[in-house]
1. Taking the Cβ-Cβ separation of R211 and N148 as r and a Förster radius of 35 Å, what is the calculated FRET efficiency to the nearest 0.05?
2. To check my understanding: the extent here is largest minus smallest coordinate of the Cα atoms along each principal axis. What are those three numbers for region 1-140, in Å, largest first?
3. For region 105-164, what % of the accessible area comes from carbon and sulfur atoms, probe 1.4 Å?
4. In region 189-242, if the dipole is taken from +1 on Lys/Arg beta carbons and -1 on Asp/Glu beta carbons about the Cα centre, which of S227, A190, I200 is farthest to the positive end?
5. How big is the gap, in Å, between the Cα center of region 71-118 and the Cα center of region 213-263?
6. Anything over 21 Å Cα to Cα? Flag those among K140/K162; K28/K86; K99/K134, in the order listed.
7. Given the alpha-carbon gyration tensor of region 145-274, what are the semi-axes of its equivalent ellipsoid in whole angstrom, ordered largest first, with each equal to the square root of 5 times an eigenvalue?
8. Ranked from highest to lowest mean number of other Cβ atoms within 10 Å per residue, what is the order of the peptides 314-325, 18-29?
Amino acid sequence: MSADVLWEDRDVRFDVGVLQMHMRPGEKIIDRLDAIEDTKGNNGERGRLIVSNLRILWHSQQLPRVNLSIGFSCILNISTKAAQSKIRGTTEALYVLTKCNNTRFEFIFTNLVPGTPRLFTSVIAVHRAYETTKMYRDLKLRGALIQNKQLRLLPLEQVYDKIGGVWNLSSDQGNLGTFFITNVRLVWHANLNESFNVSIPYLQMKSVKIRDSKFGVALVIESSQQSGGYVLGFRIDPVEKLQDVHREIQSLHRVYSTCPIFGIEFEVDNKMESMEELTIENVQDDVEIETTDEQSDAFAAYFADGNKQKDRDPVYSEELGLAVEKLKDGFTLSGLWEVLS
């Protein structure tokens, strides 16, 4: 029953295909700037920067296949500093520090239109909105979900059903509690201890099935690997009621999957172009593209080595048979050559 795994907000990707640059269901364009330079990786190259509710996209206007996809969940810090642009010279730029698969990348974007703070305000505001709406997207255990036996609703959330007499089978004796079924998630809490609860967004549901257990027939919900791969069991009597709840959750999951609600609300000051106008044309270049298994140079171009001020001491590498600069703790030569998965 699971939809495509959500990667757009949780990954950093370089030079992706056209389809991965397209908006996934529920992803919406918030802002677009047509004169942005990727100062670190493509200095002197005029490009287009797109801010969606899940990520930052940049692509060269001359060669759209040269592009970036930066998920908001990977961002560690956003700041503004002076940078050296080949087009604008020394100017204020947007620095974005990220971490993906235990590797840090730094991106520098410069607005080629002088006198406008729009690049800074759009990216910072949308990232802040993303950070404050994680309950829409992440599985949460023992959160501040319930107040006076009622679900604390998210801004875009609606309760469709409230079901009592639901046993959580996580312990040998079970815990009696209540289901709240909404348009974005399933919430359970214990009746005697409201802080003992779980919030499972439909986005993180891998499967919802009815299975036999040592407690009898149970509703079993398996969460996605990115949310921890939890297997949660619930018992509802009679069996007919359990089957009704199962069908209701599956139905709402299907509806949600067609148009997910990620929770980031925004207002567009100016009229945005349609998707047709924003679609990147698939231009046939008069060049032959050589396909290899080697790491793209883009990986090295954006690699962030902290605040390195000088070279580290040389050490002898038996693997290479020569002296090399000592690697940072946690890094290996083979790891630096591996292709990002």
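The values are calculated or read from the model by the stated rules, or taken from the named source; none is laboratory data. Remember, it's a predicted structure, so these values are computed and weren't measured experimentally. All Cβ positions, glycine included, derive from the backbone under ideal geometry; neighbour counts span all protein chains shown. The protein model used for the area step is the full one, side chains on, heavy atoms only, and it has no ligands, DNA or RNA in it. Shrake-Rupley method; radii C 1.70, N 1.55, O 1.52, S 1.80 Å.
1. Efficiency, rounded to the nearest 0.05: 0.55.
2. Cα spread of region 1-140 along its principal axes, largest to smallest: 51, 29, 28 Å.
3. Working: 1700 of 3270 Å².
Carbon-and-sulfur percentage of accessible area, whole number: 52.
4. Highest projection toward the positive end goes to S227.
5. Cα centres, region 71-118 to region 213-263: 42 Å.
6. Numbers: K140/K162 19 Å; K28/K86 32 Å; K99/K134 18 Å.
Beyond 21 Å between Cα atoms: K28/K86.
7. Working: eigenvalues 171, 56, 35 Å².
Working from the Cα gyration tensor, I get semi-axes of 29, 17, 13 Å.
8. Details: 314-325: 9.9, 18-29: 15.1.
Final packing ranking: 18-29, 314-325.
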